[in-house]
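Okay, structure first, notes after.
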């Protein structure tokens, strides 16, 4: 079915009053203005927006339903939009349907039903509601723009948005302006596992602002590929990092406040590839390119609380682009008892890194990062320094031949500066620990010495 200007008036009269059923036909618009009035329906297989003397256009207050592809080969965005987006295009088929052409389309409302709908051109836009009934929207490396600040502008009843591909990702740009409320982006991975992102806008200072969302997996246990513009992973120890990155990128804002929730899958923190991740300790970190910190992932302190298969952080104010999940808490401890009798158990005192989570009787230091250096002092009950030392994180000594674990940055064997074993009793310690980003952490406490146990 080809449409040109000669058929414009007749077609407008037909579609405004009735249903035009071209279910088995391809509708090719060669420069006409198709008017689909309210309560009118245009039903077809493929729709091709083309051009003759003029570009094909559609004025829509009714419904267009297609069982095939949507293609825009004209030099416009197809629709002549009213102030209120009332018309709807429905893509309905169990077979894959493509949204493509040489130009993007600005839909008033777009509904996808069953099957997979794949974007083949960048920057398609929906000015009303992007809805789904048990359908998959495959972004296919493209961006779709939701130009509606309502929190209900993406309304999925079943189905999901697939951002990831085998080598990159597609994006959802939601023009939320200065609106507030909970925005849900129903991402899922290639197998349909839930990756929903929830952006709860509390304060957004620009009525022309938007937030861009995406997610993609990385190579198991390797943090590759890195996001564009990111120089290095959160840490060289990739086994502490979830195998996924998220894009949450507020644009055109000067000041923001929001809560953020990431859902992740079991594969993202697989124990075989990520053995250093303790799931309850997962937190979110973001890459801060303008941070003065040498590690741009630590421009904002790791944030959030893990529950189920999601991590939620409240009251965020950073304007960054890339995020991931990490086990950001250290496994460094300081014991509260030593028995320096050379029996291979608890013989040494210092910053310990236990094997097999042996933390009983040890103070959790709980800071982020790797240890660069240690400055330690031991005092007796009268405040006199009886032992002091300095060391680096590369200095490792076995904690005890039968205890397991190592002591980092130097040790105390229960002897004073003169090499004499101190008396049993309680002593006081102060540790200044510098992490791998140059931040100093101060810790203090007590240690009990028992020579004959």
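Calculation over all alpha carbon pairs of the stretch 245-365 in 5 angstrom steps from 0 returns a P(r) of 2, 9, 16, 17, 14, 13, 10, 7, 5, 3, 2, 1, 0, 0 percent. Relative to its residue count, the stretch 171-309 spans a Cα convex hull of 114 Å³ per residue.
Here the chain carries DSSP beta bridges of which approximately 55% are antiparallel, counting only pairs with both residues inside.
Using the 10 angstrom Cβ neighbour count as an exposure proxy, how do 347, 194 rank, fewest first? It would help to have the intermediate numbers written out before the result.
Numbers: 347 22, 194 14.
Ascending number of Cβ neighbours within 10 Å: 194, 347.
Mean separation of Cα pairs under 8 Å and 6 or more residues apart, divided by the residue count, gives the stretch 99-252 a relative contact order of 16 percent. Averaging the sequence gap over all C-alpha pairs within less than 8 Å and six or more residues apart, then dividing by the number of residues, gives the chain a relative contact order of 7 percent.
Sequence gap at least 6, Cα distance under 8 Å: using those rules, report the relative contact order of the stretch 163-329 to the nearest whole percent.
On the way: 406 pairs, mean separation 38.3, N = 167.
Once normalised by length, the contact order is 23 percent.
Please report 381, 278, 240 as a ranked list, fewest other C-beta atoms within 10 angstrom at the top and most at the bottom.
Details: 381 10, 278 14, 240 21.
Lowest count first: 381, 278, 240.
In the stretch 176-258, the ratio of gyration radius to Kirkwood radius, Rg to Rh, stands at 1.04 when only Cα atoms are counted.
Over all distinct Cα-Cα pairs of the chain, the Kirkwood formula returns a hydrodynamic radius of 25.7 Å.
Taking other Cβ atoms within 10 Å as a rough exposure proxy, 34, 90 sort from fewest to most as 90, 34.
A helix-only calculation puts the chain at -500 deg cm²/dmol for mean residue ellipticity at 222 nm, using -39500 (n - 2.57) for each DSSP H run of at least four residues, averaged over all residues.
Since every read-out is calculated from the coordinates, none of them should be taken as a lab result. Everything quoted here is computed from the prediction, not taken from an experiment. All Cβ positions, even for glycine, are placed from backbone atoms using ideal geometry, and neighbour counts span all protein chains on display.
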